[in-house]
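These notes are about the structure you will find just below.
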Amino acid sequence: MEGMSLTVIGLGIIVLGASLGIGRIGQAAMEAMARQPEISSKIQTAMIVIAALIEGAALFAIVVAWLKG
Amino acid sequence: MRALKNLVFLLLFFVPVLAFAAPEETKEDAPEFDVTGMIMHHIGDAYDFHIISFTNGRGEKVHVSLPLPVIIWHEGHLQIFMSSRFQGGAALVAAGDDYLKLYHEKVYLTDAEGTIYYDDAHQVLNPKPLNLSITKNVASMLLASLLLAMVFISVARVYAKRGGLSVPKGLQLAIEPVVLYIRDDIVGAQIDKDKVNKFLPFLLTVFFFIWFNNMLGLIPFFPGGANMSGNISFTLTLAVFTFFATNLFGSRHYWKEILWPPGAPVYVKLFLIPIEFIGMFTKPFALMLRLFANITAGHIIVLSLTSIIFVLQSIYVAPLSVLLSLMIFSLEFLVALLQAYIFTLLSALFIGLAVNEHH
């Protein structure tokens, strides 16, 4: 039970980090799109790719936490 | 400081939930509801397609489900029978000298008494036969393939009859913009123009196959509801396809970047090579996990929010629970499309990085 609760705290930290990162990307992308709406589709693609990279790292951590917990 | 205030407000929103929990204590004799078991059963695979369960007039629990074919290859014999012969795990089915037993939605080989052996960690030790059964997930996948074939063959027929440049009508109107968007904005933006047509069929198939499977999984009643795209074997297969598409068609530059990264001192190169080599595998691995985790998490959230009613055993939480479920449910329709889009975009990106000419 103690291991389980530690895993859950770990998962919380992972999700916190990933959401902070993705939030920053979203903010930066929104600002860039507002400044230059004509290239917003390019910005959107880059935004999703970088968000996917962060998500990938978070997923790795979640899987490890899940397997260890 | 403001963040703290927001947090307190957020916590206040959950106070009503705790308030509703009170009547639960008056019903101590009611059987405890197993949330984890129910959710795991719903997101897992099964040998029959569950349709409905209800309690009849005499107070007996009735399960209505569609049995699916079990296909077992054991000791050189192919055995095909309907999963109803297992009677939900109560009956054994003979296979050569051994017997087949359905135990926790898995088929094991046992002796004539159907003994199940465990190790210390309570893992089943019985061997499994070579199992090619049409399970719930496979049936759902076949249904999605059938739907895909029906939609796209009918649209293709119209193009063949009326010409590719005709004004679209009917189903064409729904399909053409999506296909064009994938060709021009997803694949065309990542892969060189002269190579787009080589990879477009694969990427279009991946997109529509994932999307159809996701949407079928969101239908909460009989023909849908299987957690197909939240099954790790399914996403593994798709990711392996992307892995092969990337590495089999990779250009000279792509392999050079991995095996002898240019523009770096030798000691950095030696450090980079293992990283690049691992990167070859982590990219499809992340693709696999992303689709699996997103779809499975969606199913789990909807089911957990619904089961709040049964955990607290109170009708007063029902409006809140149904409202939250509906919100997540509509979000999942977006996620179903978004995950198909991201899988296609990232596959196109990885393929593009490998096959594009060096600029």
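Each reported figure results from applying straightforward, stated rules to the coordinates on display, with no laboratory input. Worth saying up front: this structure is predicted, and the values here are computed from it rather than measured. Quick reminder, even Gly has a Cβ in these numbers, built from the backbone with ideal geometry, and neighbours come from all protein chains shown.
Quick check: from the Cα gyration tensor, does segment B:260-359 come out rounded (a/c under 1.5), prolate or oblate?
Prolate shape, in that a/c is at least 1.5 and a/b is the bigger ratio.
Based on alpha-carbon centroids, what's the gap between segment B:186-235 and segment A:39-62 in Å, whole number please?
About 19 Å separates the Cα centre of segment B:186-235 from the one of segment A:39-62.
Could you work out the helix-only [θ] at 222 nm for the protein assembly as shown, with each DSSP H run of four or more residues adding -39,500 (n - 2.57) and the total divided by the number of residues, to the nearest 500 deg cm²/dmol?
Rounded to the nearest 500, the figure is -21000 deg cm²/dmol.
Could you estimate the translational diffusion coefficient of segment B:152-269 from the Stokes-Einstein equation, with Rh from the Kirkwood formula over C-alpha pairs, at 25 °C and 0.890 mPa s, in whole µm²/s?
So the translational diffusion coefficient is about 139 µm²/s.
Just the C-alpha atoms of segment B:165-221: what Rg/Rh do they give, with Rh taken as the Kirkwood radius?
We get a ratio of 1.06 for segment B:165-221.
Highest GNM mean-square fluctuation, chain B, Cα pairs closer than 10 Å: which of B:Phe222, B:Phe271, B:Phe329?
B:Phe271
Return a whole-number percent for the relative contact order of chain B, with Cα pairs under 8 Å and 6 or more residues apart as the contact set.
19 percent.
Would you please calculate the Kirkwood hydrodynamic radius of chain B over all C-alpha pairs and express it in Å, rounded to one decimal?
Here the Kirkwood hydrodynamic radius works out to 24.6 Å.
What is the Cα convex hull volume of segment B:92-237 when expressed per residue in Å³?
Output value, Cα hull per residue: 190 Å³.
So for the pair A:Glu31, B:Leu146, with labels modelled 7 Å out along Cα→Cβ, what separation do we get in nm?
Output for this residue pair reads 5.3 nm.
Which residue, B:Val138, B:Val158, B:Val240, has the most motion in a Gaussian network model of chain B that connects Cα atoms within less than 10 Å?
Per the Cα network of chain B with a 10 Å cutoff, B:Val158 tops the list.
Measure out, as a whole number of angstrom, how far apart the alpha-carbon centroids of segment B:264-306 and segment B:56-70 sit.
41
Under a GNM of chain B (C-alpha, springs under 10 Å), which listed residue has the highest mean-square fluctuation: B:Ala160, B:Ala245, B:Ala149?
B:Ala160
Report P(r) for the protein assembly as shown: all Cα-Cα distances, bin width 20 Å, range 0 to the bin holding the largest distance, values in whole percent.
Once binned at 20 Å, the Cα pair distances of the protein assembly as shown give 18, 50, 29, 3, 0.
Near the amide H of B:Tyr103, under 5 Å away, which other amide H atoms are found, from residues 5 or more places off or on another chain, if H is placed in the peptide plane?
B:Tyr108
What value does segment A:2-68 have for Rg/Rh, both radii from Cα atoms and Rh as Kirkwood defines it?
Rg divided by Rh gives 1.17.
Listed here are the pairs B:Lys161/B:Lys283; B:Lys61/B:Lys106; B:Lys169/B:Lys198; A:Lys68/B:Lys61; A:Lys42/B:Lys256; B:Lys61/B:Lys101; which of them are more than 31 Å apart at the Cα?
Long pairs (Cα-Cα over 31 Å): B:Lys161/B:Lys283; A:Lys68/B:Lys61.
Say each of B:Val124 and B:Leu180 gets a label point 7 Å from the Cα, pointing the same way as Cα to Cβ; how far apart are those two points in nm?
It works out to 5.3 nm between the two label points.
So which aspartates and glutamates pass the test for B:Lys136, namely a Cα distance under 14 Å, with those fewer than 8 places away in the same chain ruled out?
Those aspartates and glutamates meeting the cut-off are B:Asp45, B:Asp48, B:Glu105.
Can you work out the Karplus-derived ³J(HN,Hα) for every residue in segment B:125-133? Use 6.51 cos²θ - 1.76 cosθ + 1.60 with θ = phi - 60°, whole Hz, and x for glycine or proline.
Rounded to whole hertz, the list is 9, 4, x, 10, x, 6, 10, 10, 5.
Using a simple spin-label model with points 7 Å from Cα along the Cα→Cβ vector, what separation in nm is obtained for A:Phe60 and B:Thr115?
Going by the 7 Å Cα→Cβ label model, 4.6 nm.
Answer rounded, prolate or oblate for segment B:54-131, using the Cα gyration tensor with square roots of eigenvalues a ≥ b ≥ c: rounded when a/c is under 1.5, else prolate when a/b is larger than b/c, else oblate.
oblate
For a footprinting-style exposure proxy, rank B:Val70, A:Val15 by other Cβ within 10 Å, fewest first.
In order of increasing Cβ crowding within 10 Å: A:Val15, B:Val70.
Please list the non-local residues whose amide H lies under 5 Å from the amide H of B:Phe49, H modeled 1.01 Å from N, same-chain partners needing a gap of 5 or more.
B:Leu66, B:Leu68
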